[in-house]
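Visitor: I have a structure here, written as structure tokens, and I will follow up with some questions on it.
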Amino acid sequence: MSDEEVARSTAPSTHEPPERDITDGGPDMVQFLAADGTRVEPTEVSAPYLSFLDDVDDEAMRGMLRDLILVRRVDAEGFALQRQGELGLWPSLLGQEAAQVGAGRAMRPQDYAFPGYREHGVAWCKGVPPENLLGMFRGVNHGGWDSNENNFHLYTIVIGNQMLHGVGYAMGVQLDGDVATGDPERDTAVMAFTGDGGTAQGDFNEALVFASVSNAPVVFYVQNNHWAISEPNERQFRVPPYRRADGFGFPGVRVDGNDVLASYAVTRAALDRARAGEGPTLIEAFTYRMGAHTTSDDPTKYRISAEVDVWKAKDPVDRMKKYLLTEGIVDEDWLTAVHEEADELARRIRHACQTMPDPGHEEMFQHVYADAHPLVEREAAEFAAYQAGFED
């Protein structure tokens, strides 16, 4: 089937496909780096966020680019491992690295993140070893990490559910008195991540209600990658995600999610506001999912390759790389060293994945409830007896 035939077969039957350029975030979008890696002149919208880059020196920018390159390599390795039968599933973040690294680097150690299942870049920034991400998708553990070690909650598969979890935790932070104390090591904010499809869930909207009326120290971070599996934006909403905040009584902002500097600055501003007791913010990171929804998905069934090609020209990793090369902040030798580091990282996580021990069958009954549960105990005993029948 040609691209034209795919477009015709998947176009909404009730209206024509949108005529506007879907890569254009509009005048309300905060952006500092253009697609070609050049600096964008400040606008009335972006100028208030410039100060949040004042202390981002050359070393910090090199660190951001290193994060982008390594996170992309982790993602590529996860995809390859699934294709080779080592993982049951892998949700790629290809194209969304800047949105996640920018947000992750803006968080302080005490800030708590509630991810969906694609936030590999945020996990990286919060110090979660990539090997731990693979364990869940290999099916050998209950999530792969202690969420309290890095203030990074376990991945949430139920779409949008984590938004309520994030607000509940933020309300707990309020009750603990860890907001607006003036102590930068104590004041805490929460980030809850979802995609554009998650905004259609009841949990998302309920979370915005609770956050608003309680003035919770939470930042809602919507990565608008334009596709909720196979559903484009025009089938999900008529009002852009960042404008949803207006109806709930708190600020909303759209940022170029392919610009790591803009993503960092906007997130940092929102987190500072939350920690100061000024309440929630909704950030829409305007980006694009260049790969499949997960490895079980075939995006050629519902979108045309020309659309992907246009977004590839706005690649977030290439954008930051071009900027730092032009400014002389990095050189080819530095890039070679980082790519060698990425190769070693890939070898490490591949070996870790392939040598993960299989759990005992009895472990599936553990941690179902916080306390002992008679039904689970009975089922565990029945299963153990069943397994014992094969010993002879």
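Visitor: What number of residues within segment 269-281 satisfy the criterion of being within 15 Å of SER214 (Cα to Cα) and either small (Gly, Ala, Ser) or outside any helix (DSSP H, G or I) (or both)?
Guide: Adding up the residues that qualify gives 7.
Visitor: Only one of (1) in a loop (DSSP other than H, G, I, E, B); (2) over 13 Å from LEU133 (Cβ atoms) is not met by ARG72, so which one is it?
Guide: Result: ARG72 passes all but (1).
Visitor: Of GLU362, GLU377, GLU341, which residue is more than 30 Å from ALA269 (Cα to Cα) and either touching a residue at least 60 places away in the same chain (Cβ under 8 Å) or of a type in the set (Val, Ile, Thr) (or both)?
Guide: None of the others qualify; the one that does is GLU341.
Visitor: Which of the residues that make up segment 31-86 are on the phi > 0 side of the Ramachandran plot and surrounded by fewer than 16 Cβ atoms within 10 Å (Cβ to Cβ)?
Guide: Passing the criteria: only GLY85.
Visitor: If you check ARG118, ARG186, which single one turns out to be assigned to a loop (DSSP other than H, G, I, E, B), surrounded by fewer than 23 Cβ atoms within 10 Å (Cβ to Cβ), among the basic types (Lys, Arg) and at pLDDT 95 or above?
Guide: Working: ARG118 fails: surrounded by fewer than 23 Cβ atoms within 10 Å (Cβ to Cβ).
Exactly one residue qualifies, and that residue is ARG186.
Visitor: Starting from residues that are closer than 20 Å to TYR49 by Cβ, aliphatic (A, V, I, L, M) and under 10 Å from the mean Cα position of the chain (by Cα), keep the ones in segment 87-115 and report whichever is surrounded by the most Cβ atoms within 10 Å (Cβ to Cβ).
Guide: The qualifying residue surrounded by the most Cβ atoms within 10 Å (Cβ to Cβ) is ALA99.
Listed here are the residues, each with its yes/no results for (1) under 29 Å from VAL179 (Cα atoms); (2) over 20 Å from the mean Cα position of the chain (by Cα); (3) touching a residue at least 12 places away in the same chain (Cβ under 8 Å); (4) assigned to a strand (DSSP E or B).
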position: PHE204; (1), (2), (3), (4): yes, no, yes, no
position: PHE210; (1), (2), (3), (4): yes, yes, yes, no
position: VAL213; (1), (2), (3), (4): yes, yes, no, no
position: ALA245; (1), (2), (3), (4): yes, no, yes, no
position: ARG254; (1), (2), (3), (4): yes, no, yes, yes
position: LEU261; (1), (2), (3), (4): yes, no, yes, no
position: THR267; (1), (2), (3), (4): yes, no, yes, no
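Visitor: A follow-up question, please. Give the residues of segment 121-142 that are part of a loop (DSSP other than H, G, I, E, B), crowded, with 20+ Cβ neighbours inside 10 Å and either of a type in the set (Lys, Arg) or more than 16 Å from the chain's Cα centre (by Cα) (or both), sorted by residue number.
Guide: If the condition is that a residue be part of a loop (DSSP other than H, G, I, E, B), crowded, with 20+ Cβ neighbours inside 10 Å and either of a type in the set (Lys, Arg) or more than 16 Å from the chain's Cα centre (by Cα) (or both), then LYS126 is the only one that fits.
Visitor: If you take the residues in segment 295-311 that are in contact (Cβ under 8 Å) with a residue 60 or more places away in the chain and of a type in the set (D, E, K, R), which one is surrounded by the fewest Cβ atoms within 10 Å (Cβ to Cβ)?
Guide: Among them, the one singled out is LYS301.
The values are calculated or read from the model by the stated rules, or taken from the named source; none is laboratory data. Worth saying up front: this structure is predicted, and the values here are computed from it rather than measured. Cβ sites come from the backbone with ideal geometry, for glycine too, and all protein chains shown count toward neighbours.
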